[in-house]
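One structure is given here, and the rest of the page talks about it.
The values are calculated or read from the model by the stated rules, or taken from the named source; none is laboratory data. Please read all numbers here as calculations on a predicted model, not as lab measurements. Every residue, glycine among them, receives a Cβ derived from its backbone with ideal geometry; neighbour counts consider all protein chains shown.
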Amino acid sequence: MKRMKETLLGVFVLLIIAVLGFMVYRYEHGKTHRDLAKKITELSPKGGPPESIEGLREAIAAYEAQIELNVKEGAQTGVYWKILAVRLADKGMHRDALDALERAIYYTADDPTLFYLTGVSAGITAKADLDFPGSSNRTSNGSSDGPASQDRYFALSESAYKRSIELDESYAKPRYGLGVLYTFDLNRPAEAIPHLERYLELMSSDLSGMFALARAYYMTENYEGAIDLYDRILTRTKDAKIKEQAQENKDFIMGQIYG
């Protein structure tokens, strides 16, 4: 008899715990709905349709499952477009990659990698967008419309790199991409220098970054800075071709200085 009472008491305690747990769950869930409803109400512009917090809370609760499903599907769709963009770019299909990247950004607008990849593909497309005879007016199918089209792709590349950096200031690759774009494509080496210097702070042993920064220094007549970088390359690489290129560049600048 005593054991039965203890058993019944245990069941009763478990039941109470379960009820309390359910009540806490309902409270937290309801609080989440209320917080979201309040946020939506606060975001609504003045003069917009009347939306009470309670009415929104009920709507959120009613459609919560569908909302979660849509969020998950949207996120996954963004991943698919990103994968497609990378594969297209790997095959050299950078115009198509840009279309895929645009869709990926639509779903994931805060991913710095997407903007970096956009900068790369847009820069390559700009350089490939040649002004063939008779092609300047052919724009209906996405073909070149001459120098104006090239300028747009360069502008897209620049803005994409900048946005990538805004989203993640410690992301090295867009720094390098923007530095190369300014130095070699847009003839704006002074703007390239801070990005390439920051890139080398993040990637101190990268020889390509050193070559790019040395070129920017040379173009802005900072000959000593360029020579220092070429010396750094010469001491850090065993590759004969790289050594030869660095030495040739250094000798050329020395000739500029001393005649």
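Quick check on the stretch 91-109: of everything there that is charged (D, E, K, R) and part of a helix (DSSP H, G or I), which residue is farthest from ALA122 (Cα to Cα)?
Checked the stretch 91-109; the qualifying residue farthest from ALA122 (Cα to Cα) is ARG103.
Give the number of residues within the stretch 215-249 that are assigned to a helix (DSSP H, G or I), within 19 Å of GLU197 (Cα to Cα) and of a type in the set (D, E, K, R).
Selection size over the stretch 215-249: 6.
What's the number of the condition SER204 fails, among (1) exposed (fewer than 12 other Cβ atoms within 10 Å of the Cβ); (2) in contact (Cβ under 8 Å) with a residue 24 or more places away in the chain; (3) under 27 Å from ALA122 (Cα atoms); (4) not charged (D, E, K, R)?
SER204 satisfies every listed condition except (2).
For the stretch 105-124, what are the residues that are of a type outside the set (Val, Ile, Thr) and surrounded by fewer than 24 Cβ atoms within 10 Å (Cβ to Cβ)?
TYR106, TYR107, ALA109, ASP110, ASP111, PRO112 - these are the residues of the stretch 105-124 that are of a type outside the set (Val, Ile, Thr) and surrounded by fewer than 24 Cβ atoms within 10 Å (Cβ to Cβ).
Could you say which residue among ALA190, ALA160 is in a helix (DSSP H, G or I), assigned by TED's automatic domain parsing to the domain that holds LEU98 and either free of Cβ contacts under 8 Å to residues at least 60 places away in the same chain or aromatic (Phe, Trp, Tyr) (or both)?
Of the residues listed, the single one that is in a helix (DSSP H, G or I), assigned by TED's automatic domain parsing to the domain that holds LEU98 and either free of Cβ contacts under 8 Å to residues at least 60 places away in the same chain or aromatic (Phe, Trp, Tyr) (or both) is ALA160.
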